[in-house]
Amino acid sequence: MKFEYVIVGAGLAGLTMAERIANELNKAVLIIEKRNHIGGNVFDSYNNDGILIHNYGPHIFHTNDKEVYHYLSKFTKWNDFWHRVLTYVDGNLIPMPITVETVNKLYNLDLSSYEIEEFLENRAIDIDEVKTSRDVALSKVGHDLYEKIFKNYTIKQWGVDPMELDTSVISRIPIRANRDTRYFNDKYQGMPTHGYTKMCENMANNKNIKIMLNTDYKEVIEHISYKKLIYTGPADYFYDYKHGKLAYRSIEFVNETHNNESYQEAPVVNYPNDYDYTRITEFKKLTWQEHNKTTICKEFPCDKGEPYYPFPTKEYKEQFALYQNEIEQEKDVLFIGRLAEYRYYNMDGVIRRALDMFNAEINK
Ligand SMILES: Cc1cc2nc3c(=O)[nH]c(=O)nc-3n(C[C@H](O)[C@H](O)[C@H](O)COP(=O)(O)OP(=O)(O)OC[C@H]3O[C@@H](n4cnc5c(N)ncnc54)[C@H](O)[C@@H]3O)c2cc1C
């Protein structure tokens with residue numbers, strides 16, 4: 001078989017590259033995907049009760065990147081979903097991120113926005129050099145809120161103390177001295193009206209794009225000739241683990257369908273200190289599907305399983321740097337995406353990266 005471009009992986013990185021090559025350059029492209037579906041981790045499907053679920057965990061689209069939003073809007077319409085999260089602490093459901101209402105409810109106070117700033121400033125700990133996720137939280141909110149909200153959630157999520165994780169983990173959680181309880185304040189948010197899989201099918205809907213499912217690229221790549229390989233699989237696998245296996249954190253998703261229209265007050269409820277799961281998502285509250293039953297998803301983080309989150313520690317970053325050196329020597333292979341770059345990307349981030357890479361490396 002002969003293709004100018006071969007892409008490994010039909011996630012958002014691979015599909016965006018394929019769509020650009022097929023539409024913009026009018027060139028043939030083959031996507032090889034080891035799973036039995038496209039979409040990568042954004043794949044969603046209807047369960048036996050007819051409820052739309054996210055098979056690899058809840059995915060909420062949000063971005064400030066206008067170009068990315070308009071790019072994806074060619075393939076889907078959006079509902080006007082705004083994400084909200086509650087956290088179960090000391091028997092109360094409090095809004096996340098930390099807002100005026102969070103502090104007032106947790107400490108039974110009635111502070112104003114101005115007073116909240118003072119409240120947090122008085123508790124924040126002065127740390128000379130903020131190096132870890134624990135330092136970030138302590139320097140923003142002090143000991144008590146750190147212990148109640150961040151510490152145990154992070155330990156459940158990563159299996160290690162926040163002291164061992166770099167600043168990227170906790171600094172992603174915004175703290176607001178106002179009453180805005182939306183989880184994200186990005187300009188564009190929403191859920192694809194007909195789901196992510198439909199959006200991905202629309203991206204791949206081009207006669208120039210051929211997709212081979214259920215196939216690990218190593219089984220077939222020797223029989224295919226190409227000019228450029230675009231690789232979105234794991235970097236260590238590409239190099240047969242010559243510098244060792246990179247570590248990922250995984251999650252076991254346990255879905256339950258309940259015979260009620262509604263299960264919880266918010267789309268997501270976090271459980272930092274109780275139970276073994278980190279959070280419960282109720283899918284209908286994301287997708288706005290109407291149904292007399294409801295499906296929820298409990299997340300149990302674990303070490304084994306699908307590689308979801310690159311491990312944010314110095315040790316693994318250094319290990320990946322060895323692969324990065326090899327990657328930089330490659331002439332005919334482009335590495336892109338969450339697995340190939342050993343880097344957590346949100347959906348908008350990976351699409352931005354693919355659009356930029358297409359312009360810089362392919363559409364020259
Ligand atoms: C639990 C979870 C929740 C998330 N929630 C959000 C969210 O709310 N909002 C948000 O913006 N982002 C979220 N994300 C991030 C989002 O999933 C990623 O940004 C996006 O999926 C990255 O796309 P990708 O193409 O890089 O990787 P992937 O989606 O992982 O695609 C890579 C593809 O390559 C295939 N592949 C791997 N190895 C091979 C091989 N050897 N041969 C053939 N195929 C191979 C895989 O099967 C996979 O389909 C979440 C991620 C996770 C894990």
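The values are calculated or read from the model by the stated rules, or taken from the named source; none is laboratory data. Note that the structure is a prediction, hence the values are computed from the model and not measured. No Cβ is skipped: glycine too gets one built from the backbone with ideal geometry, and neighbour counts run over all protein chains shown.
Could you give me the residue pairs with C-beta distances under 8 Å whose first residue belongs to the stretch 206-220 and is within 15 Å of A22 (Cβ to Cβ), whose second residue is part of a loop (DSSP other than H, G, I, E, B) and of a type in the set (D, E) wherever it lies, and which are 6+ apart or on separate chains?
I211/E33
Search the stretch 351-364 for residues that are assigned by TED's automatic domain parsing to the domain that holds N23 and surrounded by 13 or more Cβ atoms within 10 Å (Cβ to Cβ) and pair each with any residue that is small (G, A, S) and in a helix (DSSP H, G or I) when their beta-carbon atoms are under 9 Å apart and the residues are at least 6 apart or on different chains.
I351/A13; R353/A13; A354/A13; A354/G14; M357/A13
So if I check each of E328, E290, E315, E282, which one is among the acidic types (D, E), over 22 Å from G11 (Cβ atoms), touching a Ser or Thr at 6+ places or on another chain (Cβ under 7 Å) and more than 10 Å from the ligand (Cβ to nearest atom)?
Exactly one residue qualifies, and that residue is E282.
Go through F61, F75 for me and flag whichever is crowded, with 20+ Cβ neighbours inside 10 Å, aromatic (F, W, Y) and touching a residue at least 12 places away in the same chain (Cβ under 8 Å).
F61
Does I221 meet the test of being out of contact with any Phe, Trp or Tyr (no Cβ under 6 Å at 6 or more places or on another chain) and not in a helix (DSSP H, G or I)?
No.
Could you grab me the full set of residues in the stretch 293-337 that are under 30 Å from H258 (Cα atoms) and either in a loop (DSSP other than H, G, I, E, B) or of a type in the set (A, V, I, L, M) (or both)?
At the first step, the residues of the stretch 293-337 found to be under 30 Å from H258 (Cα atoms) are 293-309.
Listed by number, the residues that qualify are K293, I296, D303, K304, G305, E306, P307, Y308.
Based on this model, can you work out whether E290 counts as in a loop (DSSP other than H, G, I, E, B) and either charged (D, E, K, R) or at pLDDT below 95 (or both)?
yes
Of the residues in the stretch 1-29, how many are buried (at least 21 other Cβ atoms within 10 Å of the Cβ) and either farther than 13 Å from N206 by Cβ or touching a strand residue (DSSP E or B) at 6+ places or on another chain (Cβ under 6 Å) (or both)?
15
Among E252, E299, E256, E315, which is modelled with pLDDT of 95 or more and over 16 Å from the mean Cα position of the chain (by Cα)?
Of E252, E299, E256, E315, the one residue that is modelled with pLDDT of 95 or more and over 16 Å from the mean Cα position of the chain (by Cα) is E256.
Scan the strands (runs of 3 or more DSSP E) fully inside the stretch 6-123 and keep the ones with 1 or more residues being among the hydroxyl-bearing types (S, T, Y) and more than 16 Å from the ligand (Cβ to nearest atom).
Here the list reads 44-46, 85-89.
Report whether or not A340 is within 14 Å of the ligand (Cβ to nearest atom) and either touching a residue at least 40 places away in the same chain (Cβ under 8 Å) or part of a loop (DSSP other than H, G, I, E, B) (or both). Walk me through it before giving the result.
Working: within 14 Å of the ligand (Cβ to nearest atom): yes; either touching a residue at least 40 places away in the same chain (Cβ under 8 Å) or part of a loop (DSSP other than H, G, I, E, B) (or both): yes.
Criteria met by A340.
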